[in-house]
Amino acid sequence: MTDRHLLAMHHSEVQVSVELETPDVTLSLGPQHPSTHGVLRLVAKVDGEVINSVDPVIGYMHRGYEKLAEVRTYPQITALVNRIDWVSGFANEVPFMVALERLMGLEVPMRAQYIRLVLTEMARISSHLVFLSSYPLELGAATPLMHALRERERVLDLIEGVTGGRFHPNFNRIGGVKPAAGAGSNQKKVRQDLPEGFLDQSRDAMRNVLAVCDDMIDLVVGNEIFLERTKGVGVIPADRALEFGVSGPNLRGSGVRFDIRKTDDYLPYSRFDFDVPTGANGDCFDRYMVRFEEIRQAARIVIQACDTMPGGELQAKVPRVIKVPRGEVYVRAENPKGEMGYYVVSEGGRGPYRLKIRSASFSNISILPWLLQGQLVPDIIAILGSLDFVLGDVDR
Amino acid sequence: MTASPPETGAAAVASRFAAMVGADSSSAEFGTAKIRVPAARWVEVHRTLREHLPFFSWLSAIDWTSDVAVGDPPEGTVEERFEVLSRLSDVTTGAGITISCDISKADPRIASLTGVFGGANWHEREAAEMFGIVFEGHPHLVKLYLPDGFLGHPLRKTFPLLSRDVKPWPGTVDVEDMPSSMNAEAGDQPEAGDAPEAGE
């Protein structure tokens, strides 16, 4: 009889005077289950309310991108990498492009870098808004979803206005961003830039995002049920998070102030003023609040970038047929879910010899067997949801 | 924490950690610090580095061969081998390093890192099913993504992409040739709206 057992009995209404026999039961959660964010199956061995062990079963979404990349040309792979973490499709493209640009020695025009940065932060906002509103839903609060999705749709409209795609922008080009619209060899290409009024609309949208964050803070964090279900639940100590490769807001929730935007220079983040929020306890609540603050910081960055958006070209001069010189490079980025990286091995051809995709959600949920052990069954959903993963980002 | 150009930082990082663990060689091309170590010292090197680079980013492998069923073969002749790679980084400076070692294809086995980094568990399971590498000492080396009973190791270069044999992709309207048919002249290719056209 563990403390957890006693706690569970203590909370139940029925007074149990004899010790119940609760032999190991296998509980299979998923693969189709609304709370698992896709096709994730958890095979849990439970003893009463207490989880003895959990074996996550993944791979239902495995599309074999690393193999597919080996038979595609570099520009064709952009369309693939969009679909890894589809809640923030744009952010997936950037580190891949930066990796190729580093191998090719290309200098990306500053305007293109700013556009990448703005759209990356908008992807972060839309991804975090989905999390911040769907997580309370999993814990029983439906209202925040309505608030957040309305603002998220406005942000997606802005992304769509620039790129043409809500979820899969496919907007980055090697050396910059897509500069031309209109198809056909006989037509004169129309040079495309940011849509008219984009900068003003973005600033407005960011103000709305900041306002909805304030609304939601009251709705969610003022809710005692939410606090009871998240505070002190699913604690990840910092050293555990690091050894499992847990990254992004989940790592910062455990108090580790590590943000790739501050340490690497894949985009010109050093020109912007923003904070890196961290939690103190590493519980579900801290992971939630870190993302709250990150939305605010992302909105700050977007407003600054809109105010200082430089002019100029949208793409560096690149050959018509892209060949990437021989070499190996690893470029990582601070994506909404955490560290997203591409290890590109080029042998001088038009496609990679090997492309290793490091996706954040894969490592983030690899800690589940350790994290869920000894927890109570009702906390599975609270803990699972707090890690904010997307199955496309787990399975690749 | 200020951003510094990766090229300057990477060289210093590579030489510092190469000296620390007594690596065979180190490089910092394209801002990517990398050290090579013998397979026999794989676990010991990671244990040493863990104190300085506590963040376990990923582990994977590369199949080096000239006998490829997909894509282009490497330039020139390569030594047939699996290269096992892992990536660690520091969380205060952001310094990161790739650790690499070669293992033979005839008997692809290497000691598991699961005793050093818990996160190696899934990465090793993935590398095991994709390349057929045995990670000795791994507690649960079963398939991760692939269904039970799946035959072959898909990320080996000799493993064909069967869908490509059945139906060429993406068909006749393709903008560019596939990597394996690179003899076409650039100017002969049909043009499409999405192709990068920065030269114009």
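Here, each number is a calculation from the coordinates, and none is a lab measurement. Everything quoted here is computed from the prediction, not taken from an experiment. Don't worry about glycine lacking a Cβ; one is built from the backbone with ideal geometry, like all the others, and counts go over all protein chains shown.
Are there trypsin sites (Lys or Arg not before Pro) in the range A:56-165 that DSSP puts in a loop and that have at most 14 other Cβ atoms within 10 Å, and which ones?
The qualifying sites are A:ARG63.
Label the range B:74-152 by shape, choosing from rounded, prolate and oblate, from the square roots a ≥ b ≥ c of the eigenvalues of the Cα gyration tensor; if a/c is under 1.5 it is rounded, and otherwise prolate applies when a/b is larger than b/c, oblate when it is not.
oblate
Towards the positive end of the charge dipole of the protein assembly as shown, with charges on Cβ (+1 Lys, Arg; -1 Asp, Glu), say which of B:TYR145, A:VAL302, A:LEU139 has the farthest Cα.
A:VAL302
Where does helix A:198-216 land angle-wise versus the long Cα axis of chain A, in degrees 0 to 90, nearest 10?
10
Taking R0 as 45 Å, what FRET efficiency do you get between B:SER15 and A:GLU153 from their Cβ-Cβ distance, rounded to the nearest 0.05?
Computed FRET efficiency for B:SER15 and A:GLU153: 0.35.
Along the range A:63-80, what does the Karplus equation 6.51 cos²θ - 1.76 cosθ + 1.60 (θ = phi - 60°) give for ³J(HN,Hα), rounded to whole Hz, x for Gly and Pro?
Karplus values, whole Hz, x for Gly and Pro: 10, x, 4, 5, 6, 4, 4, 6, 10, 10, 7, 4, x, 6, 6, 3, 5, 6.
Based only on Cα atoms, what Rg/Rh ratio does the range B:6-158 have, Rh being taken as Kirkwood's radius?
The Rg/Rh ratio comes out at 0.97.
Please tell me which of these pairs span more than 31 angstrom C-alpha to C-alpha: A:LYS337/B:LYS143; A:LYS262/B:LYS157; B:LYS34/B:LYS105; A:LYS231/A:LYS262; A:LYS45/B:LYS143; A:LYS45/A:LYS337?
Cα-Cα > 31 Å for A:LYS262/B:LYS157; rest within.
What does the charge dipole of the range B:6-158 about its Cα centre add up to, to the nearest 20 debye, if the Cβ of each Lys and Arg holds +1 and the Cβ of each Asp and Glu holds -1?
380
Let a ≥ b ≥ c be the square roots of the eigenvalues of the Cα gyration tensor of chain A; is it rounded (a/c under 1.5), or, if not, prolate (a/b larger than b/c) or oblate?
Prolate is the answer for chain A, as a/c is 1.5 or above and a/b outweighs b/c.
Return, for the Cα atoms of the range A:127-258, the radius of gyration and Dmax in Å, separated by a comma.
Rg and Dmax of the range A:127-258, Cα atoms, are 20.0, 65 Å.
With +1 assigned to the C-beta of every Lys and Arg and -1 to the C-beta of every Asp and Glu, and no other charges, what is the dipole magnitude of the protein assembly as shown about the Cα centre in debye, to the nearest 20?
Dipole of the protein assembly as shown, to the nearest 20 debye: 840 debye.
How far apart, in nm, are the 7 Å Cα→Cβ label points at A:ALA79 and A:LEU137?
3.0
Please arrange A:TRP86, B:TRP42 by how many other C-beta atoms lie within 10 Å of their C-beta, fewest to most.
A:TRP86, B:TRP42
How many angstrom separate the Cα center of the range A:99-147 from the Cα center of the range A:51-94?
For the range A:99-147 versus the range A:51-94, the Cα centre distance is 17 Å.
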